[in-house]
Amino acid sequence: MSPDLVARLALYFSAQPSRPGILARMALGQPGPHDPELALELRERLAGELRPDGSVGGAALPTIWRVHELLDLGEPSESRPVRAAVRWLGALQGRSGAFGEGCDKQRHARRVCEHFLAGFFSPAPPGQRLTPVTLPNGKVFRAEPAARFALSTLALRAMVRAGESSRPPVRRHLESLARFAEQWTGWVSALAPDAIVAGMHALAEAGPPWSDASHRLLPVIAERQGTDGGWSDADLFPMLDMLLAAGSPDALALVSRALPALAARQRPDGSFGATAQQERALVGLRAALRASQGP
């Protein structure tokens, strides 16, 4: 690991009054003296932006991400803001517009229809175009099915983190996703690689037995990794985030191999570009720190 990689990131995050800044300083073991007060202030502000129905502006993606943000900042999963957002998200399961809805001969043969997939979240009605949609990690999805799939898996991660894994609709989503993952071997799927990575991340986040499906795909990820450490057909930062969530020795070995690609993308200020600047910098920092600890 290049010490400059972490040193630049430490400097970049040293005075960021933001959620990624707090998390980065915590990861570095260098918390700011006012970070506890800042975290509380951010939590109160983010919770205050929720509507009475628990949503952020009635939109799926901001509400999904709000659950992640609040939990990252130490908001208890049983708190009123988290519970309200989770209830709103839960109502999106089973609604029209979810990935896999409907069926025809081709989709049935590929097992991407409602006979094989259940519990997915609907980010919008089927007639409403979502794309292009940019996730908080900077990944842009331009194909409608992939966007709906990725948003559903991000919502699934939020529900898992909020302690909702045992709820029947959430469990159905996990079961469907694990079965769907069986056909991703060889990187061949009805989905683009970045959507597959999003699905693997949700399975990894859920832990055993769901994470087993994600771990089985690591050899495929290893085969696709380039000599520079990156992936030509997948975004580096969601990939690293997923591998960190997987956390196995094999996954962390791939993270270590990716550090040259990460270092090559780093700017003098420590960031990795203008897109999702702090979120990607946080992923880069976590990857560099975790790789330095060894398997």
Cβ pairs under 8 Å, 6+ apart, first in the stretch 233-249 and touching a residue at least 12 places away in the same chain (Cβ under 8 Å) and among the hydroxyl-bearing types (Ser, Thr, Tyr), second assigned to a helix (DSSP H, G or I) and open to solvent by 20 Å² or more (accessible area, probe 1.4 Å): 248/215
Need pairs with beta-carbon distance below 7 Å; first residue under 18 Å from residue 69 (Cα atoms) and within the stretch 134-153, second polar (S, T, N, Q) and open to solvent by 10 Å² or more (accessible area, probe 1.4 Å); sequence gap 6+ or separate chains. 138/275
Which ranges mark the helices (runs of 4 or more DSSP H) fully within the stretch 51-114 that have 1 or more residues being modelled with pLDDT of 95 or more and open to solvent by 50 Å² or more (accessible area, probe 1.4 Å)? 60-72, 80-90
Can you find, within the stretch 226-246, the residue that is surrounded by the most Cβ atoms within 10 Å (Cβ to Cβ) among those that are of a type outside the set (Val, Ile, Thr) and more than 25 Å from residue 206 (Cα to Cα)? 230
Odd one out for residue 169 among (1) assigned to a helix (DSSP H, G or I); (2) in contact with a strand residue (DSSP E or B) (Cβ under 8 Å, 6 or more places away or on another chain); (3) surrounded by 21 or more Cβ atoms within 10 Å (Cβ to Cβ): (3)
Quick one: which residue in 40, 46, 9 is at pLDDT 95 or above and farther than 16 Å from residue 81 by Cα? 9
Residue pairs meeting the criteria (Cβ under 6 Å; at least 6 apart or on separate chains; first over 17 Å from residue 4 (Cβ atoms), in the stretch 260-277; second not aromatic (Phe, Trp, Tyr) and not in a helix (DSSP H, G or I)): 275/138; 276/137; 276/138; 277/271
Could you list all residues from the stretch 5-39 that are aliphatic (A, V, I, L, M), open to solvent by 80 Å² or more (accessible area, probe 1.4 Å) and part of a helix (DSSP H, G or I)? 11, 26
Can you go through 178, 190 and tell me which one is part of a loop (DSSP other than H, G, I, E, B) and open to solvent by 10 Å² or more (accessible area, probe 1.4 Å)? 190
Restricting to the stretch 235-283, count the residues that are under 16 Å from residue 197 (Cβ atoms) and within 14 Å of the chain's Cα centre (by Cα). 16
Test residue 160 against the criterion of being touching an Asp or Glu at 6+ places or on another chain (Cβ under 6 Å) and surrounded by fewer than 21 Cβ atoms within 10 Å (Cβ to Cβ), and give yes or no. yes
Only residues in the stretch 72-97 that are free of Cβ contacts under 8 Å to residues at least 60 places away in the same chain count as the first member; pair them with residues that are acidic (Asp, Glu), Cβ under 7 angstrom, at least 6 apart or cross-chain, and list the lot. 81/75; 88/53
Members of the stretch 115-134 that are out of contact with any strand residue (DSSP E or B) (no Cβ under 7 Å at 6 or more places or on another chain) and either open to solvent by 20 Å² or more (accessible area, probe 1.4 Å) or over 22 Å from residue 181 (Cα atoms) (or both): 115, 116, 118, 123, 124, 125, 126, 127, 128, 129, 130
Out of all the residues in the stretch 76-118, which are more than 24 Å from residue 131 (Cβ to Cβ) and in contact with an Asp or Glu (Cβ under 7 Å, 6 or more places away or on another chain)? 81, 82, 86
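The values are calculated or read from the model by the stated rules, or taken from the named source; none is laboratory data. It should be emphasised that the depicted structure is a prediction, and the values quoted were computed from it without experimental measurement. As a convention, Cβ positions derive from the backbone with ideal geometry for all residues, glycine included, and neighbour counts pool all protein chains shown. Side chains are part of the model used for accessible areas, which takes the heavy atoms of the whole protein and leaves out ligands, DNA and RNA. Shrake-Rupley method; radii C 1.70, N 1.55, O 1.52, S 1.80 Å.
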